[in-house]
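The values are calculated or read from the model by the stated rules, or taken from the named source; none is laboratory data. Predicted, not measured: the structure shown is a model, and the values here were computed from it. Backbone-built Cβ (ideal geometry, glycine too); neighbour counts: all protein chains shown. These accessible areas exclude ligands, DNA and RNA; they are computed on the full protein's heavy atoms, side chains included. Shrake-Rupley method; radii C 1.70, N 1.55, O 1.52, S 1.80 Å.
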Amino acid sequence: SEGIDPTWDAGVVLKPEPVKTYAVGDIVWVDADKNGLQDDTEILGGVTVVLLDGEGNEVATTTTDENGRYLFDELVAGDYQVKFVLTDEQAAKYEFTKVDGGDEAKDSNADPKTGLSIKFTLNDENKSLTKDYKDQEVKASEGIDPTWDAGVVLKPEPTTPTEPTTPTEPTTP
């Protein structure tokens, strides 16, 4: 007689929840009118951009592309900072513009002295996250915070000191 073989088993496991990922990126631009805001501006490629965690440790480094764009993609939730570093050649010509031009999406975030942004958090509470970002392809499941950028201005031309003039004797009335 044919019986049932009780040694054949099937197991099921629960799929793990997918890990949410985030991205940060934007642009480095030349602030020609020195108002601290991106206008119709020239871009600056070749700028080093360093991503730091909330403790100030380096997470990743990239360089702005020919369109002045940078991207750190597929990051886990957490606190971050972005540091913009000009090359020696760029630093001879440019310095960072003022911060807080009044428009979060278009103002510069690089401290004029250090090139460092303030700390920000990538998580579901971040109101700047978007999945509608056409400037670069983003893989992060939760989108990109595209508000962390840096503007630079041309450094003032050094002036050549002039020879002091010899004071003239006062005339007596």
Residue count for segment 1-55, restricted to those that are under 19 Å from THR147 (Cα atoms) and among the aliphatic types (A, V, I, L, M): 13
Which numbered condition ASP79 fails, given (1) modelled with pLDDT under 95; (2) assigned to a strand (DSSP E or B); (3) open to solvent by 30 Å² or more (accessible area, probe 1.4 Å): (1)
Selection count where residues are in contact (Cβ under 8 Å) with a residue 40 or more places away in the chain and open to solvent by less than 50 Å² (accessible area, probe 1.4 Å), scope segment 90-115: 9
Qualifying residue in segment 3-26 (condition: closer than 28 Å to VAL153 by Cβ, of a type in the set (Gly, Ala, Ser) and more than 15 Å from the chain's Cα centre (by Cα)): no
Residue identified as assigned to a loop (DSSP other than H, G, I, E, B) and at pLDDT below 95 among ASP132, ASP65: ASP132
Leading residue by the ranking (nearest to VAL49 (Cα to Cα)) among those in segment 11-28 that are open to solvent by less than 100 Å² (accessible area, probe 1.4 Å) and assigned to a loop (DSSP other than H, G, I, E, B): THR21
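Say we look at segment 99-119 and pick out the residues that are closer than 9 Å to GLY151 by Cα and touching a Ser or Thr at 6+ places or on another chain (Cβ under 7 Å); which of these is modelled with the lowest pLDDT? Break it down stepwise before answering.
At the first step, the residues of segment 99-119 found to be closer than 9 Å to GLY151 by Cα are 99, 107-110.
Within this subset, residues satisfying the condition of being touching a Ser or Thr at 6+ places or on another chain (Cβ under 7 Å) are 99, 108-110.
Details: VAL99: 84, SER108: 92, ASN109: 93, ALA110: 95.
Here the answer is VAL99.
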